[in-house]
Structure formats: C-alpha cells, structure tokens
Amino acid sequence: MTEKNLLEVIDLKVEFNTDEGRVLPVDGVSFSLNDGETTAIVGESGCGKSLTALSIMGLIDKPGRIVGGKILFEGKDLLCLSKRERHAMRGKELAMIFQEPMSSLNPVFTVGYQIAESILLHQNVDQKEAKKRSIELLKRTGIPRAEKVFDSYPHSLSGGMCQRAMIAIALSCNPKLLIADEPTTALDVSIQSQILDILHSLAKEDKKSILLITHDFGVVAEMADQVVIMYAGQVVEKSDVFSLFDEPKHPYTQGLLRSTPKLSEDVEVLEAIEGIVPNLHNLPKGCYFYPRCKKALPVCANERPDMQTVADGHEVKCWLYYMESSGERNE
Amino acid sequence: MNVMNSKNDVLLEVRGLKKYFDVSEGWFKKEHKYLHAVDNVNLKVRQGETFSIVGESGCGKSTLANIIMNLIEPTEGQIIFDSIDLLTLSKDDLRKKRADMQMVFQNPFSSLNPRMRLFDIIAEPLRTHRNLTKAELSDRVFELMNIVGLDRAYARRYPHEFSGGQRQRIGIARALALNPKLIICDEPVSALDVSIQAQILNLLMNLQKQYNLTYIFIAHGLAVVKHISDTVAVMYMGKIVEKASKNSLFSHQYHPYTKGLISSVPISNPRMRNKPQCVQLEGELPNPVNPPPGCRFHTRCSFATDKCKSEEPALRNITAEHCVACHFPI
Ligand SMILES: Nc1ncnc2c1ncn2[C@@H]1O[C@H](COP(=O)(O)OP(=O)(O)OP(=O)(O)O)[C@@H](O)[C@H]1O
Ligand SMILES: Nc1ncnc2c1ncn2[C@@H]1O[C@H](COP(=O)(O)OP(=O)(O)OP(=O)(O)O)[C@@H](O)[C@H]1O
Ligand SMILES: [Mg+2]
Ligand SMILES: [Mg+2]
C-alpha cells in the first residue's frame, strides 16, 4: 500500500450567511486520503458532509463561502488556484457522483452524448473514438446492452441505470480522485449492492482513490479503508475501518453503531441516541454532543475538547480520553 | 364488553386482492394496458402482531396498504377487518370502521398540513369522530403528545418547526388518537437518520405492548424488518412470493428472490468482508405493464427452468409457518 497522501484537508471552514446570522456548517474539518484508498465520511443529515465534498470540488455557491483552511491535492492547495485552474481540474483530476442520479444528468441530452462530451472536452480524440470509449465505460459499470443505453435519454432509465451512467461520466477522464456523495442512498438494496460492487472493483482492481460519503455503516463496512465521523460540522473521530468497528471511541460513534439494527445479531431493544442534532444557530457551549451524551463529564458542558490520539491512527475529540492520555495509561 | 383478543385471532384478512391500474396511452385508448400493481394477494394478520411487507421499489407495497385503508378501490378481492367485509359496508359504516385503522406515512413532512398547528393536527381526528368537550379534547391531545414524547410547550408550533423524527412522532400521535386496532406504517423510518430511526422503532414497539396494537409495517430495510416483525411477507411485482414467521424467514429463504434480497444487505462489520455471497440479485425489475409469463422472477433467477418461464408457481406451504411461490425452492 502506498502511504502517500493524495488529498489532505486541513482545518476547512465553510460559512453561510443566513437571515438568522452567520453559521459554520463545516467547522475546522481535517482529514487525509491516501493514494489508492477509500475514505468514508459518515454522519447524520446536516452535519456538513456534502459541503465538505463540494468544497473539494470547488463547487461551494453563494450564500456559502470557504472562510478558512487548506485543501491540498498532491501537495497543491486547491484554494489558491484560479477559477480557471479549478475548472480544468474538475473531471480530469477530480470527479463527483451525487445522491440523486436522475437530477444530476441533463434531461435534454442522451446519456451517450453526455459521456462523449466529457471525453471530447478533456481528451484529444475524435467523435468516433469518444463514442467507442463511452460504450466501454458503460459496459465497465455493468450496463447490459450499452449501445442501446448510449442512445437513451435519462428519463427512460431507472435510478440504478442513471447512477451507472453518472459513474461512467465521472470515470470518463480517468480522474485521480472520485468523490461519491451517498451514491446508493436513493436506490433499492439489490441495486445498491450492484453499485457498491462497481465502486469496490474500481477501488480494488483499478486502485482508484475514493472519497465516499454515506450515513450507512453497512456501506462503510463494505467499502472503507479509513473512516471520518462528523457531527455538527466537526470531525469527532478518525480511524482505520477495523479499529473503528472493533473499538469505537466517541460516544456518538458508539451510539450510531448500536442504534443501527443488524441482520447478523438480535437485540431486544435498540439503543437509541436520545435528543436531536443541535441547531447550528444555537450550538451548545461545550462539546456539541454534550446534550445527548450518556457519558458526559462536568467539563463537557463548558469546554470543547480537542482531537486526541488514542491509538496508532485513531483520533477522537472527546474529554473522556484526556484523562487516559495525560494520566496513568501505560502504552 | 369485548373479550380481549388473543394473539392467534385474525384481525385482518385479505383475499384475492387485485389492483390493476389503467395505463393505456393515447386519446382513444385503442390498446388497453394495465399495470398489475397488486395481483391476487392473500394474507392474514393476527391481533397484536407486526406483519411486515418487504420488496423492491414498485412491487406494490403502498398500493396494498392504500387498498386496505380504503384510500384506493381494489379491482377485485375482499378485505375482512375485525370479522367485517369492508367492501360491503355503506359509506357511513365504513367511515366509522375506518377509525379503527390508521396510517403512518414515510414522509412526515408532506403528510402533515403545513398550515395547521401541532395541537390541531392531533385534534383533527378527534374532532371528526368523537364528541368531546373542549377540556376533554385538550386533555386527550396533551396525553397523546406525552405518549409519543412531544413536549406540551410545542402545541402551538407548525410542522416546519419540527425535525423529521419529531414530525414522525406527530404522525404517530395522530394515528393513535382514536385508539385504533390496526396501524399501517408505510416506511415510517426510511427518511430518518439512524439515531432517530432507533427512537421511533422503540416508540412503536413500546406502544404496541402497551395498547395491544397490530401493525402492518412496510419497509425495504431488511435489518429493521428483522428487528420489529413477527411475520414477514416478501412481495415481487404485485405478488407475495414468500411468507413466514420472522425467525423462519431469516434462518432459511426458500425463494431465490428472498435469498438475493437478504444477501444484498451490506455487511455490518468489515471483518465479514471475505464472506462469500450466496445469491447476488442480477438485473433490475422488468416492466410491470408487461410482466414476464410464468414465474415473474424467472428473468432474474439463476435457477430458472422452462417450467418457470411458462407456469406460474402457486404460494404453498413448506412448513406450517413458511410458504413460498417457487417451483424449485432452495
Ligand atoms: N444554501 C444553504 N443555505 C443555508 N444553509 C445551508 C445551505 N446549504 C447547506 N446548508 C446547511 O449546512 C449544513 C450542512 O449541510 P450538508 O448538505 O453539508 O449536510 P450533509 O451532511 O450532506 O447532510 P445530508 O446527509 O442530509 O445530505 C446543514 O445544516 C444545512 O442546513
Ligand atoms: N395511480 C397509479 N396509476 C398507475 N400506476 C400506479 C399508480 N400507483 C402506483 N402505480 C404503480 O404500481 C406499482 C406499485 O406501486 P407502489 O407505490 O405500490 O409500490 P411500492 O412497493 O410502495 O414502492 P416504493 O418502495 O417505491 O414505495 C408501481 O409500478 C407504480 O408505478
Ligand atoms: Mg448531503
Ligand atoms: Mg411505497
């Protein structure tokens, strides 16, 4: 495994100026993605996953604005590039697929036209070659009768087919990093598992680097090498996938894992996380998870914890682990 | 006085239920085309149990639920609820009987009137069906809010001021208002985050114990279904293809479709990654207007033979509590 950072996000901050005031839906997010690996960002609705992805793609729109941090791609800070340079990177170096496959394809053009156009834009080939490559890509995503689908309009295809076509477009210029924002959330389990298989073979056989956004721990368990857990705009835990499932540290991560029903085990009563995600306009004074936390200490009410390293490659933002690292714990 | 029903009494029975939607195109409808959304469904739901219906999008789950709720008219069939054949009732009697059945919907936002305050949303069914004094009404509404865990300070708020999980609680409070016997939950947790999903599942299970409720639970999340159900029916293109007690279904699947559905569920721990998959569901649902002849699943089934392409398998019992519609059960 090459341990080279392809992507490094450092202290990223995204601000929104709303009628009710300014909020930071992405508040100091840091993580990295090794070349050839899959990093999953996990968290509940509204925690800032999509905004983080859009920041990397350079697609944050008004009223949103990046107000701090760095996004290093192969060592280069994307936030220092001109609009034109960023545009040139999209498709070629970075590509993204979205949750709603239907609405991210252009309804006016055939699927084939949209893939071929992307190839013609970034590669020096003629129409005929572009068509040939498009059909190969459609086949690569497991589409039967790719020639027919090439000439179809998005509305005549199912959600699963559209998502495959989106993947084909994303792959059309052989990007170094593929960002997949909840690529299977809108699909049935059977289709979800087919799409995950495609992503899986891209990751394992083609050694593609993938940033995978999801709120489903099943998808994480199938796909991820590294996991980043987000809560209310912040990263609260980071780990490799095995230690995360074996020993989740943050009470939020523990709660999420326990509240997910599993086919492989039976429990009488699910352990729910009480309460709801805080409103960004009215965040708790101390740890953002404090009002819902079953293990809270007095300090949690008033002060925000920093990221602590609890094991090799495993970091957590929680007061519970300050005691351990500063005190008796012997390594 | 009503004698308390035991768990083996059938509360709802559906016989030969069909719903064919007319999807003919063109002005003169020269060629009549029908979509067989629900095609000859038979089922019995026992008092106090949770009967789940699972299957891919478009297999007819909501249509079946809506027919039982009398929200759409069936093309054919009988619905016997609480020993009464609903389709033979007069409009007025039906309206009264319907109060015993309530529904909780998937999208808690679109199912609540955005211009009504929380109090009125929960009070509405009580105002239509019960003759309560003002004081009785507000007592009952606050009682219901308390039961589902909504703070009474929220009574004057509008739906948009609530989170998804809170809106689902409002939907449940409203469904409970008339002390129904049956609640049909159409994907009640699909739109919710896992932490909130667990809160709502726990609430539904507690209410069931407390009020001896019967649930029909529609979902496509199989792990959720395994957690909450007593009986599970698997639908494919309008038909029930397998039906069993929860334990029997999750320990052995006789239908290749059910087996495929269950093996498509993502693993719950990365240490299970190298486990071989038994049956992978290939392909997608065929066009429901022209369903395949014979067994409707044969186009996606790796075990299909000539018989499957021509002869439709009937739903038959393999054990007392497990039945399957497949010529060659696995
Ligand atoms: N255009 C906008 N104006 C104001 N707030 C916004 C806007 N877009 C996003 N937000 C807020 O930013 C926060 C993070 O949004 P984001 O879309 O990144 O969440 P997410 O983690 O992707 O959630 P989901 O799982 O629902 O997709 C949310 O609280 C959202 O309300
Ligand atoms: N009013 C209608 N007119 C024509 N076709 C309809 C109508 N309502 C539903 N259908 C079709 O009937 C079939 C069953 O739909 P239904 O909504 O019952 O599926 P479902 O199992 O609830 O799916 P989902 O999981 O997506 O909610 C689908 O093919 C659908 O397109
Ligand atoms: Mg998102
Ligand atoms: Mg439905």
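Scanning the stretch A:95-110 turns up at least one residue that is near ligand 1 (Cβ under 10 Å from one of its atoms), crowded, with 18+ Cβ neighbours inside 10 Å and either at pLDDT 90 or above or within 14 Å of chain B (Cβ to nearest Cβ) (or both). Among the residues of the stretch A:198-213, is any within 16 Å of ligand 1 (Cβ to nearest atom), farther than 16 Å from A:Ser50 by Cβ and either open to solvent by 10 Å² or more (accessible area, probe 1.4 Å) or modelled with pLDDT of 90 or more (or both)? For the stretch A:198-213, residues within 16 Å of ligand 1 (Cβ to nearest atom), farther than 16 Å from A:Ser50 by Cβ and either open to solvent by 10 Å² or more (accessible area, probe 1.4 Å) or modelled with pLDDT of 90 or more (or both): absent. I'm trying to understand the selection: among the residues of the stretch B:181-193, which are within 12 Å of another protein chain (Cβ to nearest Cβ) and closer than 16 Å to B:Gln166 by Cβ? Within the stretch B:181-193, B:Val189, B:Ala191, B:Leu192, B:Asp193 qualify.
Of the helices (runs of 4 or more DSSP H) lying entirely inside the stretch A:58-163, those carrying at least 1 residues that are more than 23 Å from the chain's Cα centre (by Cα) are A:83-89, A:111-122, A:127-140, A:146-150.
Scan the stretch B:38-62 residue by residue and report those that are within 13 Å of ligand 4 (Cβ to nearest atom) and surrounded by 23 or more Cβ atoms within 10 Å (Cβ to Cβ). Spell out how you get there, then give the answer.
At the first step, the residues of the stretch B:38-62 found to be within 13 Å of ligand 4 (Cβ to nearest atom) are B:38, B:53-62.
Across the stretch B:38-62, the qualifying residues are B:Val38, B:Ile53, B:Val54, B:Gly55, B:Cys59, B:Gly60, B:Lys61.
When the stretch B:240-251 is filtered for residues that are open to solvent by 30 Å² or more (accessible area, probe 1.4 Å) and within 13 Å of chain A (Cβ to nearest Cβ), the ones remaining, listed by number, are B:Lys246, B:Asn247, B:Phe250, B:Ser251. Just give me the residues in the stretch A:257-267 being open to solvent by less than 50 Å² (accessible area, probe 1.4 Å) and either among the polar types (S, T, N, Q) or more than 13 Å from chain B (Cβ to nearest Cβ) (or both), in sequence order. A:Ser259, A:Thr260, listed by residue number. Answer yes if at least one residue in the stretch A:34-54 is within 14 Å of chain B (Cβ to nearest Cβ), farther than 29 Å from B:Gln197 by Cβ and more than 16 Å from ligand 3 (Cβ to nearest atom), and no otherwise. The answer is yes, given that some residue of the stretch A:34-54 is within 14 Å of chain B (Cβ to nearest Cβ), farther than 29 Å from B:Gln197 by Cβ and more than 16 Å from ligand 3 (Cβ to nearest atom).
When you look at A:Leu24, is it buried (at least 20 other Cβ atoms within 10 Å of the Cβ) and either in a strand (DSSP E or B) or modelled with pLDDT of 95 or more (or both), yes or no?
Values: buried (at least 20 other Cβ atoms within 10 Å of the Cβ): no; either in a strand (DSSP E or B) or modelled with pLDDT of 95 or more (or both): yes.
Against the criterion (buried (at least 20 other Cβ atoms within 10 Å of the Cβ) and either in a strand (DSSP E or B) or modelled with pLDDT of 95 or more (or both)), A:Leu24 does not qualify.
Once the stretch B:47-57 is narrowed to residues that are modelled with pLDDT of 95 or more and closer than 23 Å to B:Pro313 by Cβ, the residue that is nearest to ligand 3 (Cβ to nearest atom) is B:Val54. B:Phe51 meets the conditions (1) within 12 Å of ligand 2 (Cβ to nearest atom); (2) not in a loop (DSSP other than H, G, I, E, B) in every case but one. The failed one is (1).
I want to confirm something. Restricting to the stretch A:40-59 and keeping residues that are open to solvent by 30 Å² or more (accessible area, probe 1.4 Å) and within 19 Å of A:Leu79 (Cβ to Cβ), which single residue is farthest from ligand 2 (Cβ to nearest atom)?
Initial filter on the stretch A:40-59 (open to solvent by 30 Å² or more (accessible area, probe 1.4 Å)): A:45-46, A:50-51, A:54, A:58-59.
From the residues that got through so far, the ones that are within 19 Å of A:Leu79 (Cβ to Cβ) too are A:50-51, A:54, A:58-59.
Working: A:Ser50: 24, A:Leu51: 29, A:Leu54: 28, A:Gly58: 35, A:Leu59: 30 Å.
Per the criteria, the residue is A:Gly58.
Looking only at residues of the stretch A:60-77 that are more than 16 Å from ligand 1 (Cβ to nearest atom) and more than 16 Å from A:Val235 (Cα to Cα), we find that the one that is surrounded by the fewest Cβ atoms within 10 Å (Cβ to Cβ) is A:Gly75.
May I ask you to list the residues in the stretch B:24-46 that are in a loop (DSSP other than H, G, I, E, B) and at pLDDT 85 or above? If you could, list the steps in order and put the result at the bottom.
Step one: of the stretch B:24-46, the residues in a loop (DSSP other than H, G, I, E, B) are B:24-33.
Scanning the stretch B:24-46 gives a single hit, B:Lys33.
Here is the figure for the stretch A:268-327: residues that are within 14 Å of chain B (Cβ to nearest Cβ) and assigned to a helix (DSSP H, G or I) total 2. Each residue in the stretch B:264-308 was checked for being more than 8 Å from chain A (Cβ to nearest Cβ), of a type in the set (S, T, N, Q) and touching a helix residue (DSSP H, G or I) at 6+ places or on another chain (Cβ under 8 Å), and 2 pass. Among residues of the stretch A:244-256 being more than 13 Å from A:Cys293 (Cβ to Cβ) and at the interface with another protein chain (Cβ under 9 Å from one of its Cβ atoms), the one that is most open to solvent (accessible area, probe 1.4 Å) is A:Asp246.
The values are calculated or read from the model by the stated rules, or taken from the named source; none is laboratory data. If you're wondering where the values come from, they're calculated on a predicted model, not measured in any experiment. Using ideal geometry, Cβ is built from the backbone for each residue, glycine included, and neighbour counts are taken over all protein chains shown. Ligands, DNA and RNA are excluded from the accessible area calculation, which covers all protein heavy atoms including side chains. Shrake-Rupley method; radii C 1.70, N 1.55, O 1.52, S 1.80 Å.
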